[in-house]
Amino acid sequence: MSDFQAASAAKAPPATPKTSGAFSLVAVVGAPNCGKSTLFNRLTGLRQKVANYPGVTVEKRLGRVRVEGGREITLVDLPGIYSLTARSEDERVARGVLLGEMPGLPSPDAVLLVVDSTNLNRNLSLAAPILALGIPTLVVLNMSDDLHSRGGMVDGRRLSERLGVPVVLASAARGEGLETIRAFLSRRSAAPQRLELPVLQDIPGRRRWAVHATGQSGYQAPAAAVWTRRLDSVLLHPLGGPLIFLLVVMAVFQSIFTLAQPLMDGTEAVIAASGLWIGTLLPDSWFRDLLLEGVWAGVGSVLVFLPQILFLFLLIGVMEDSGYLARAAVIADRTMARVGLEGKAFIPLLSAYACAIPAIMATRTIESRRERLATILIAPFMTCSARLPVYVLVIAAFLPEKPLLGPLLGTRAAAMIGLYLLGFGAAVATARLLKSTLLKRRSPLPFTLELPPYRWPTLQSIGLRLADRSLIFLKRAGTVILLVTVVLWFLASVPRTDGEAPEISHSLAGKMGKAVEPVIEPLGFNWKIGIGLITSLAAREVIVGTLGTIYGIEAAEEGGDEGSPGLQQALKQDLTPGAAVALLIFFAFALQCMSTVAVVRRETGGWRLAILQFGYMLALAYFGAWLGKTLVEIWI
Amino acid sequence: MGAVEVGDRMPARTLSDLKRGEEGILDRLEVAAEVAQRLMELGFLPGVRVSAGRAAPGGDPMIFRVDGSEVALRRATARRLILRDSTQVGEEGDNV
């Protein structure tokens, strides 16, 4: 895109100091599903840094590897690509990195070219343009364990002679061949290579070249993956397939609420107990108040969601690595197409029920930019876990529990389901709207999806992903939310008179709430709710802690203790039933989450869509809340 | 369309006409150059043998076995991939 070109033109890549021909930056390249990222993870472990390339939505993954002599080199994991033509953003980035045209990244000294050895003809023809670059390359024939177990074979040495570059048979998932790869990375000089290649734009020509090269290397394609056929006959069965699909979705959904619950309760108990313990250690002072009422209550109420988010990622990770996710996308494609999205959008939208941030990051699997933007823009409508504390608090305060369907469904659960449907409906309507306005232009590339054979997910790759996600989440809790709670605490305790904290209505926070009161008055909200709305701009769940602080509830009851009768009573006095409905609808629609806004900005490569999305959702929230209140008042 | 002339040219068979388990030789891709390039990278090369596998519920998207891998395409895309007339099918398919 033009952004990207401007960025690369503006800044020339800095020259790299190189020590006598030793590699310092090595690119890992390969087609999607070749196990490239598994290899990258194997080699670098947790020493990874993830960022974005400037101006584009593509993730930049850098990792450090220790090689011989204690030296460290940098690996850059390029996006999975089918070719080096500049059709998709991924391809432009991969091409840019390999040619040394990415700002801030020197040109790589060598390439690890990862190919799926179970489909060598096709993979090698895709790899030809990369071999033609003339960068020192090691061809990694990955998944060789699969190749051999299914009766295939290839002579690595003869292929190496044919290609003029070293070749290694490896299995990244099992850690086979890693020593050879490390030895290559430790090399100090690169042998020059000469390679006769067909015209690169001519795919049939490349393909004939690949068949010739593999034929001369004794390549025998493996037999069809028997287990994959067997599993697909069940998982893609015309009737059984969709049924299992629905069961899987429900199980994912249910388990992030039920199975994660004990862990969440445990986390909450630890936070509460540690808060109490610290309270007994510190003398009575403003610092103690800040630490307990601000930091512990605020950050603690967010940390509680960590188990839930990890659980979701564990389940999605297993589905992705096993190969089921691709089948799920195929099954979901038709339904998603009705809304104007594609099958691959299904998983990000499912993850958005836990948290929009990982969901938006998960849209990276969607190839078409238009589909991807649409998915990013509607993801925050899905009822994320941060909305739960708010929903639970308000529903518990206003709606008495009565059975609706015997013991199966009560009024409160029904209200909760209604809120989930409300968010989902808004997402569908917005997707339709986007398709007929902003994202009208059709993407040139149609939906295509390769179905990889089923594989056992490895503990290492899933563990690594979980660690990665926890870090991102903890960073958020440790920065944005910490900052907001501390600032709020200060705003609520100044100006001090005679060394005493002011009444909340006279504090700075109170004044801010009163300033927005005229705007939110039509929704039935007073200045206290106003402060909550302001602080929850940072993150939705903050409003619970904020209201707790404002209503002056005892420190022990604060923070995350959403079921506390004190807070419920106070809310009941301050809100009419109509205003309570308005508050719920407001939270269902509004994008009160700065982290999401920041991620959208990063993923869409600019502020424009992030601001548009925020404004649109705020407007919808305001009018939806007003409408909800008005309807309730007519009805009552 | 005018009157149907019996015995005249049948409309060309496409990938979307393949029933499960059936196979055919791909003749040409009637799509924009950019799309053709992507499909060829996925293995849909002229002259290659393609067989239809399972499909999603409702028959769309369809899954094709081509060049050693399985690829899902929407019917709308599959309709643009024209099969070689079965009378001309030779030994050209160089794949499984």
Positions within the range A:397-415 being part of a helix (DSSP H, G or I) and touching a helix residue (DSSP H, G or I) at 6+ places or on another chain (Cβ under 6 Å), in sequence order: A:Ala397, A:Phe398, A:Arg412, A:Ala415
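Of the residues that sit in the range A:76-91 and are over 22 Å from the mean Cα position of the chain (by Cα) and not β-branched (Val, Ile, Thr), which one is nearest to the other protein chains (Cβ to nearest Cβ)? Quick ask: steps written out before the conclusion?
If we filter the range A:76-91 for residues that are over 22 Å from the mean Cα position of the chain (by Cα), which is where we start, we get A:82-87.
This time we only want the ones that are not β-branched (Val, Ile, Thr), so: A:82-84, A:86-87.
Details: A:Tyr82: 4, A:Ser83: 6, A:Leu84: 11, A:Ala86: 11, A:Arg87: 6 Å.
Filtering first and then ranking leaves A:Tyr82.
So which residues in the range A:126-152 are at negative phi, within 14 Å of another protein chain (Cβ to nearest Cβ) and open to solvent by 10 Å² or more (accessible area, probe 1.4 Å)? Walk me through it before giving the result.
Within the range A:126-152, the subset at negative phi is A:126-133, A:135-142, A:144-150, A:152.
When the remaining residues are screened for being within 14 Å of another protein chain (Cβ to nearest Cβ), the result is A:126-130, A:146-147, A:150, A:152.
Answer for the range A:126-152, where residues must be at negative phi, within 14 Å of another protein chain (Cβ to nearest Cβ) and open to solvent by 10 Å² or more (accessible area, probe 1.4 Å): A:Leu126, A:Pro129, A:Ile130, A:Asp146, A:Arg150.
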Output the qualifying pairs, or none if there are none: Cβ atoms under 7 angstrom, residues six or more apart or on different chains, first residue in the range A:325-339 and over 13 Å from A:Ile366 (Cβ atoms) and free of Cβ contacts under 8 Å to residues at least 24 places away in the same chain, second residue among the small types (Gly, Ala, Ser) and crowded, with 24+ Cβ neighbours inside 10 Å. A:Arg334/B:Ala56
Among the listed residues A:Met250, A:Met264, which satisfies the condition of being over 30 Å from A:Asn123 (Cα atoms) and open to solvent by 80 Å² or more (accessible area, probe 1.4 Å)? A:Met250
Among (1) at the interface with chain A (Cβ under 8 Å from one of its Cβ atoms); (2) in contact with a Leu (Cβ under 9 Å, 6 or more places away or on another chain), there is one condition B:Val66 misses while meeting the rest; what is its number? (1)
Does A:Arg42 satisfy the condition of being among the charged types (D, E, K, R), surrounded by 21 or more Cβ atoms within 10 Å (Cβ to Cβ) and modelled with pLDDT of 85 or more? yes
Residue identified as within 14 Å of another protein chain (Cβ to nearest Cβ) and of a type outside the set (Asp, Glu) among A:Leu282, A:Leu239, A:Leu292: A:Leu239
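Can we say B:Ala55 is within 16 Å of A:Glu450 (Cα to Cα), more than 7 Å from every other protein chain (Cβ to nearest Cβ) and either modelled with pLDDT under 95 or loosely packed, with under 14 Cβ neighbours inside 10 Å (or both)?
On the way: within 16 Å of A:Glu450 (Cα to Cα): yes; more than 7 Å from every other protein chain (Cβ to nearest Cβ): yes; either modelled with pLDDT under 95 or loosely packed, with under 14 Cβ neighbours inside 10 Å (or both): yes.
In short, yes.
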Filter the range A:450-475 down to the residues that are more than 20 Å from the chain's Cα centre (by Cα) and either modelled with pLDDT under 80 or not in a loop (DSSP other than H, G, I, E, B) (or both) and list them by number. A:Glu450, A:Leu451
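Test B:Glu23 against the criterion of being farther than 28 Å from A:Ile81 by Cβ, at pLDDT 90 or above, open to solvent by 70 Å² or more (accessible area, probe 1.4 Å) and of a type in the set (Asp, Glu), and give yes or no. Spell out the reasoning first.
Values: farther than 28 Å from A:Ile81 by Cβ: yes; at pLDDT 90 or above: yes; open to solvent by 70 Å² or more (accessible area, probe 1.4 Å): yes; of a type in the set (Asp, Glu): yes.
Against the criterion (farther than 28 Å from A:Ile81 by Cβ, at pLDDT 90 or above, open to solvent by 70 Å² or more (accessible area, probe 1.4 Å) and of a type in the set (Asp, Glu)), B:Glu23 qualifies.
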Hey, among the residues in the range A:466-493 that are surrounded by 19 or more Cβ atoms within 10 Å (Cβ to Cβ) and basic (Lys, Arg), which one's farthest from the other protein chains (Cβ to nearest Cβ)? A:Arg476
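Would you kindly identify the helices (runs of 4 or more DSSP H) lying entirely within the range A:266-331 that contain at least 2 residues that are modelled with pLDDT of 85 or more and either aromatic (Phe, Trp, Tyr) or farther than 18 Å from A:Lys475 by Cα (or both)?
On the way: elements: A:286-289, A:297-303, A:306-322.
Here the list reads A:306-322.
Considering only the range A:351-372, I want to know if a residue exists there that is under 30 Å from A:Phe490 (Cα atoms), open to solvent by less than 20 Å² (accessible area, probe 1.4 Å) and not in a helix (DSSP H, G or I).
For the range A:351-372, residues under 30 Å from A:Phe490 (Cα atoms), open to solvent by less than 20 Å² (accessible area, probe 1.4 Å) and not in a helix (DSSP H, G or I): present.
The rows are residues; the columns are (1) of a type in the set (Val, Ile, Thr); (2) modelled with pLDDT under 75; (3) open to solvent by 10 Å² or more (accessible area, probe 1.4 Å).
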{"residue": "A:Thr497", "(1), (2), (3)": "yes, yes, yes"}
{"residue": "A:Val519", "(1), (2), (3)": "yes, no, yes"}
{"residue": "A:Asn526", "(1), (2), (3)": "no, no, yes"}
{"residue": "A:Leu533", "(1), (2), (3)": "no, no, yes"}
{"residue": "A:Ser536", "(1), (2), (3)": "no, no, no"}
{"residue": "A:Thr549", "(1), (2), (3)": "yes, yes, yes"}
{"residue": "A:Ile553", "(1), (2), (3)": "yes, yes, yes"}
{"residue": "A:Glu557", "(1), (2), (3)": "no, yes, yes"}
Going through the range A:137-166 in order, the residues found to be part of a loop (DSSP other than H, G, I, E, B) and over 14 Å from A:Asp116 (Cα atoms) are A:Gly151, A:Asp155, A:Gly164, A:Val165, A:Pro166
Taking the range A:301-330 as the search range and keeping residues that are surrounded by 20 or more Cβ atoms within 10 Å (Cβ to Cβ) and polar (S, T, N, Q), which one is nearest to the other protein chains (Cβ to nearest Cβ)? A:Gln308
Matching residues in the range A:45-75 - criterion: being under 18 Å from the mean Cα position of the chain (by Cα) and either modelled with pLDDT of 80 or more or within 14 Å of chain B (Cβ to nearest Cβ) (or both): A:Arg61, A:Leu62
I want to confirm something. Restricting to the range A:208-220 and keeping residues that are open to solvent by 60 Å² or more (accessible area, probe 1.4 Å) and either assigned to a loop (DSSP other than H, G, I, E, B) or free of Cβ contacts under 8 Å to residues at least 24 places away in the same chain (or both), which single residue is nearest to B:Gly47 (Cα to Cα)? A:Arg208
Which listed residue is open to solvent by 10 Å² or more (accessible area, probe 1.4 Å) and in contact with an Asp or Glu (Cβ under 9 Å, 6 or more places away or on another chain), from A:Gly578, A:Gly624, A:Gly606: A:Gly606
Specify the residue that is farthest from B:Asp60 (Cα to Cα); the eligible residues are those in the range B:77-86 that are part of a loop (DSSP other than H, G, I, E, B) and more than 10 Å from chain A (Cβ to nearest Cβ). B:Asp85
Taking the condition of being open to solvent by 60 Å² or more (accessible area, probe 1.4 Å) and part of a helix (DSSP H, G or I), how many residues in the range A:230-247 meet it? 6
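The values are calculated or read from the model by the stated rules, or taken from the named source; none is laboratory data. Remember, predicted model here, so these are calculated numbers, not experimental data. A quick note on method: Cβ atoms are made from the backbone with ideal geometry, for glycine too, and the neighbour counts reach across all protein chains shown. Side chains are part of the model used for accessible areas, which takes the heavy atoms of the whole protein and leaves out ligands, DNA and RNA. Shrake-Rupley method; radii C 1.70, N 1.55, O 1.52, S 1.80 Å.
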